[in-house]
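Everything below concerns the one structure shown next.
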Amino acid sequence: MFPERRNPSGIGKSAASRKEGWPYGTTHWNYPPPVRLARFVAALALAAAALFSPAVARAADAVDTWDGTSDTDWYTQDPDASSYTISTAEDLAGLSELTNQQNPVTFTGKTILLATDIDLAGHDYGMNSTSTSFSGTFDGQGHVIHNLSNVPSTEYHYGLFGTVHTATIRNLGLEAAMVIETENNTRLEIGPLVSWSSTSIVENCWVTGSLYTPGGYIVGGLVGQCTGNSQVIECSSSTDVTVDGLSGPCVGGVVGQWETTGNDSLIADCYFDGSIEIASGTSANGGILGGCFEEKGPTVRNCIVLTTAISQPPFTSFLGVFPEVTSIEHCLWPTGAYIQEGGSAESGPYRFPYGFFLPDSGQVGFDPDPATFPTEDAADDAYGTIGRNIADFSNPALIEELNQYASQGVSWAMGIDGHPVLATQTHLIAADYSGVDAALATIPADLSLYTAESAAAVTTARDAVDRTLTADQQTQVDDMAAAIEAAVDALEKLANYDAVDTAVAKANALDRSRYTEETLAKLDVAVAAVVRGYGETRQDEVDDMAAAIEAALAALEEVPSSGTQSGDPLAATGDPTVLLAPATALAGGTVLLARRKVA
């Protein structure tokens, strides 16, 4: 399917001569066709809008935003130090300045530690001039660099790191990176994290964002090109890659192309869930590696392609193009129609697990062959030891399977989007809510038995639970559990109001017409003084309320009678609580009788 490849490595030649020696010719559009250009401009506008929006910090990490200046004091004050810490965006810009100056600093044998998340805020950024490489260790320590912007340049490589040689890049995330190449670029390789990795290690790194080229030769969603004994381990790419024009590039979701492979060349425990759109019909492509055109390819182990959004006429491959002497072990890709919509086995377009390069003939074939490739319902293990297709990436059993084959120190977990991710990508994994669930289980079923204030605190803590947080926000989730536990511990049962209720019932049952206004008023004051909802710690106050009502009841006085009747008029009232008692002896010996209420 491919014409014969000439000058497969191009090592030691200038960029221009390497382009001339590219096997698939140099014909390309001077400008993207109108439709594709319009689509790109629209996408660029959206990307620019996102680029200048505020960056979102994960967990409690502060984000230092770049003001466009640089600071190299961290290095120049002690150039002989073995380790440096970058604490600001300006420090990172200083690293770029040091690697790009006339006598560039390569940081060979030195370690640079990133101490904070950084927002490059859309300022143009480029590291490593075309004449040197970064050769130290850059440890992101789990931090994220937001909004990397690479603009066209003939002076610098593309990517956060242009060229790295015998270097190590680890523990770093790039979020919302935007890389744009133009027609006049002289660089062959383009990648958002590293453009060219020479016998270097890239581990525990991830990238999201977009990459556009009107016809780049070697394009990767994470690393453009790897050479020698480079290794890419525990990494992921969610980059949307668009390649217009030029015939014959290599485009990979993780790595674009591998050359001069060694015995230790390795891609392991990586995944791709971005997208690839290629205009050329003669490009090598794959979700993991675009292509390797040598006698031997790198080992590819325990890698996953999670997307079918790989578009190119007339064929696409999920894994990539490899020499026949390549070790591909336990890789996973999505189940799907291996003849794409609108195609056929005779005319394509096709989608294959992988392609293979035949050095002797300079040709690329595909496995399985179009005449024999399987139908959608082929068994999962139809491809032997290289791996299998997966219909449901949300199956929890996949995590155990991936961890069985994982590299030492690497583990996988189920992501919030329903597919496997690397366990270090805590921003993509759901937080552990077991502590919250345990705390919720302790909330009493009937909160009406408790004071309104303490019950409201429990309700507030319960309603504040946010189930959308990720593992890097675990502290916030633990705080939710602690808040619920504290509120439950602070619940206060209501005091016993039985005595108050009995006394109030007596007051409500009175025939108020029989008692004096003055004593009724005192009873009403005692009843009105009752405050409901006190907790058991204020039981004495509640008992005092009941006692005050009872005292007011006992002090009630009935309204005096207006006259007497023959016989026993007062007794005729039938009120057993009233006794006749002498009140006052008047002149003439007359005795008046008064009513007295018996308690």
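Here are the numbers for this structure:
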read-out: Assigned charges on the beta-carbon of Lys, Arg, Asp, Glu; segment 434-539 dipole about Cα centre (debye); value: 600
read-out: Solvent-accessible ranking of Tyr405, Tyr534, Tyr271, largest area first, probe 1.4 Å; value: Tyr405, Tyr534, Tyr271
read-out: Accessible area of segment 166-285 belonging to carbon and sulfur atoms, whole % at 1.4 Å probe; value: 45
read-out: Segment 213-305: translational diffusion in µm²/s, Stokes-Einstein, Kirkwood Rh over Cα pairs, 4 °C, 1.567 mPa s; value: 102
read-out: Within segment 68-177: Cβ-based charge dipole about Cα centre, in debye rounded to nearest 20 (Lys, Arg +1; Asp, Glu -1); value: 400
read-out: Apportionment of accessible area to carbon and sulfur, segment 69-124, percent (1.4 Å); value: 41
read-out: Solvent-accessible surface (1.4 angstrom probe) belonging to Lys522, in square angstrom, nearest 10; value: 130
read-out: Distance (nanometres) between label positions extended 7 Å along Cα→Cβ at Arg514 and Ala445; value: 4.6
read-out: Whole-Hz couplings from phi, Karplus 6.51/-1.76/1.60, listed for segment 464-472; x for Gly and Pro; value: 7, 5, 10, 8, 9, 6, 9, 5, 6
read-out: Potential lengthening between Asp479 and Ala309 on full extension [0.36 nm per residue; Cα-Cα distance subtracted]; value: 57.2 nm
read-out: Accessible surface of Arg467 - all protein chains present, 1.4 Å probe, nearest 10 Å²; value: 120
read-out: Estimated FRET transfer efficiency when R0 is 25 angstrom, pair Gln77-Gln408 (beta carbons, to 0.05); value: 0.05
read-out: Heavy-atom accessible area per residue - segment 447-550, 1.4 Å, Å²; value: 57
read-out: Inter-label distance for Ala551 and Asn263, nm, one decimal - labels placed 7 Å from Cα along Cα-to-Cβ; value: 10.0
read-out: Segment 243-335, accessible area per residue, ligands and nucleic acids excluded (1.4 Å, Å²); value: 20
read-out: Thr537-Ala62 FRET efficiency (beta carbon distance; Förster radius 45 Å; 0.05 resolution); value: 0.55
read-out: Euclidean distance between Cα centres, segment 446-470 to segment 101-126, Å; value: 48
read-out: Estimated FRET transfer efficiency (Ala464, Val559; beta-carbon r; R0 41 Å; 0.05); value: 0.10
read-out: For segment 208-287, with +1 on Lys and Arg beta carbons and -1 on Asp and Glu, the positive-most of Gly281, Thr239, Gly262 along the dipole; value: Gly281
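The values are calculated or read from the model by the stated rules, or taken from the named source; none is laboratory data. The shown structure was predicted, so the numbers you read here are calculated from the model rather than taken from an experiment. No Cβ is skipped: glycine too gets one built from the backbone with ideal geometry, and neighbour counts run over all protein chains shown. Surface accessibility is based on the protein's heavy atoms, side chains included, excluding ligands, DNA and RNA. Shrake-Rupley method; radii C 1.70, N 1.55, O 1.52, S 1.80 Å.
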